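The values are calculated or read from the model by the stated rules, or taken from the named source; none is laboratory data. Treat the numbers as computed from the prediction; the structure is a model and nothing was measured. A quick note on method: Cβ atoms are made from the backbone with ideal geometry, for glycine too, and the neighbour counts reach across all protein chains shown.
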Amino acid sequence: MKLDARLLLLPLFALLSCNANRDINFPTTDLTLTQVIPQPLEVIASNDGFALDQHTSLTVPDNMAWRNVGEYLINKIEFKTGLDLTNTSKTYTDIVFIKDERLEDDESYQLTISKDSLVLRAKDAEAAFRGVQTIRQLIPESSNDTLSTQPIWVIPTGIINDKPQYEHRGTMLDVARHFFSVEDVKKYLDVLAYYKINVFHIHLTDDQGWRIEIKSWPRLTEVGSLTGVGGGPGGFYTQEEYKEIVDYAAERHIMVIPEVDMPGHTNSASLAYNFLNGNGKEIEQVTSMAVGYSTFDTRKDTVYQFIDDVVREISALSPGPYFHIGGDESLVTKEEDYIYFVDRVEKIVELYDKRLIGWDEVATANLSSNSVAQVWNSEENKELAFQKDMKVILSPAKKAYLDMKYDTDSKFGLRWAGYIPVDTAYLWSPESYGSIDDVLGVEAPLWGETIRTIDELEYLAFPRVIGYAELGWTTQENRSWNSYKKRLAHHGQFLRRNNVSYYPSEKIDW
């Protein structure tokens, strides 16, 4: 059924109904034993059951953003159970969304589940959307057909109080080494949303490919997008297609952070416009995985006019507060030139009302405390960032790089940072890298050298990215490998139902 047809019905659910509950004796059900990921902050069980069935109605505030979240839940319930909550003939149980501004923390929500109602309280639609993911996960995989003449999905009763530990919980996708279509990215975003991921960092440019249209510099895609690692067809997003990704993510309350890597990792740009090149060598098309050989000419004003145009056009399409400039592995850029370049680009980024993010090497420049260092390799750079009162994002390669192989049997991935099996990906503490006040959060990068298809992407991302979602959301005292691996095993059903080609690690009892 189309979205607008469903929206017409939502205003009818204006108040919590007072229908008498059906006389059903539910089996004892413990809310604390449910398989929710990320693990909520507080769970209090009351050992009864809420009946989700054809007689359940949905009530939402009369606000478009909230109604969109309600529509989202309706669609997901129908996909999983076949129930159509817009076609309720009589109401025995209610799902109710309540706007509650007393919940002051961003993204915090409360679920109060009794025998006849499931009430979601949140201060805004984004927080409600996080709570909806918990509701989705509380719905059993199969109905109980012994309690009534109609199928019932029994949700355990109790109270869940929840909020995230970190504001930044993300993953990065490299589309420069191998290109991924808009539809591939949308599928990935759908699964990320289920685990309360709220940041999608997209690595749009590198030596092997430039993947976004810049209208003022058309040769970037005409010349720089034609191939990838190992050859192949290449590809790029038109600005309309990129905006489609940004809007799709926003509907799932995920912020897109664009990255244009510079001054290194810039061969594809210099191939299109040779004046950008600063390494003194003739520019040729590159399809190898080699890094560190390219650089912009950091002392040419025309290079900064180019960068200004690129930042301006992409920023206009990206409503989030950040612009990522890369900044890593610029090995042929002299140190003083690198510092001069990063300092100057920070001012360009700020001109378009964005905050600069860069890989941890940018902490060696003279950046303001407004900029952010993404820590992937250097403890020294992390400490430099802290000394400058910069925030950091944690992406330690030996723990959080999704492109590392799981083990010796892995079909895809690299191993320069070591193998990262599912337990290694989970068993580390972001809290040990810095105080909560200094760390924005956790982000798991997926570099694309060895993957070409969405199935291969999913093989490396899942299930590890699910663990990173819990590391970003759940407090350290509430995290447990023994608990997590049992909950993760249950989520194999969700991944299979959504045709996600995850790696079936032997460490998990799928």
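Rundown of residues vs (1) in contact with a strand residue (DSSP E or B) (Cβ under 9 Å, 6 or more places away or on another chain); (2) modelled with pLDDT of 95 or more; (3) in the same structural domain as residue 50 (by TED's automatic domain parsing), yes/no style:
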{"site": "133", "(1), (2), (3)": "no, yes, yes"}
{"site": "137", "(1), (2), (3)": "no, yes, yes"}
{"site": "152", "(1), (2), (3)": "yes, no, yes"}
{"site": "172", "(1), (2), (3)": "yes, yes, no"}
{"site": "177", "(1), (2), (3)": "yes, yes, no"}
{"site": "183", "(1), (2), (3)": "no, yes, no"}
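Among the residues of segment 362-402, the one identified as among the basic types (Lys, Arg) and assigned to a loop (DSSP other than H, G, I, E, B) is 388. Within segment 45-68, the set of residues being farther than 17 Å from residue 139 by Cα and either touching a residue at least 24 places away in the same chain (Cβ under 8 Å) or in contact with a Ser or Thr (Cβ under 8 Å, 6 or more places away or on another chain) (or both) comprises 59, 60, 61, 62, 63, 65, 66, 67, 68. The conditions of being among the basic types (Lys, Arg), without any contact (Cβ under 8 Å) to a residue 60 or more places away in the chain and assigned to a loop (DSSP other than H, G, I, E, B) are not met by residue 121. Of the candidates 335, 282, 259, 329, the single residue that is within 22 Å of residue 199 (Cα to Cα) and of a type in the set (D, E, K, R) is 259. Of all residues being among the charged types (D, E, K, R) and without any contact (Cβ under 8 Å) to a residue 40 or more places away in the chain in segment 344-379, which is surrounded by the fewest Cβ atoms within 10 Å (Cβ to Cβ)? Just the residue, please. The selected residue is 353.
One residue stands out in segment 304-320 among those that are touching a residue at least 60 places away in the same chain (Cβ under 8 Å) and not hydrophobic (A, V, I, L, M, F, W, C): the one that is surrounded by the fewest Cβ atoms within 10 Å (Cβ to Cβ), namely 319.
Checking each residue in segment 81-90 for being outside any loop (DSSP other than H, G, I, E, B) and either without any contact (Cβ under 8 Å) to a residue 24 or more places away in the chain or surrounded by fewer than 18 Cβ atoms within 10 Å (Cβ to Cβ) (or both) picks out only 87.
For every residue, the table says whether it meets (1) outside any loop (DSSP other than H, G, I, E, B); (2) exposed (fewer than 14 other Cβ atoms within 10 Å of the Cβ); (3) at pLDDT 95 or above.
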residue: 5; (1), (2), (3): yes, yes, no
residue: 21; (1), (2), (3): no, yes, no
residue: 45; (1), (2), (3): yes, no, yes
residue: 71; (1), (2), (3): yes, no, yes
residue: 75; (1), (2), (3): yes, no, yes
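Selection over segment 221-238 of residues that are on the phi < 0 side of the Ramachandran plot and out of contact with any Asp or Glu (no Cβ under 8 Å at 6 or more places or on another chain) gives a count of 8. Taken together, the residues in segment 263-284 that are farther than 18 Å from residue 448 by Cα and assigned to a loop (DSSP other than H, G, I, E, B) amount to 9.
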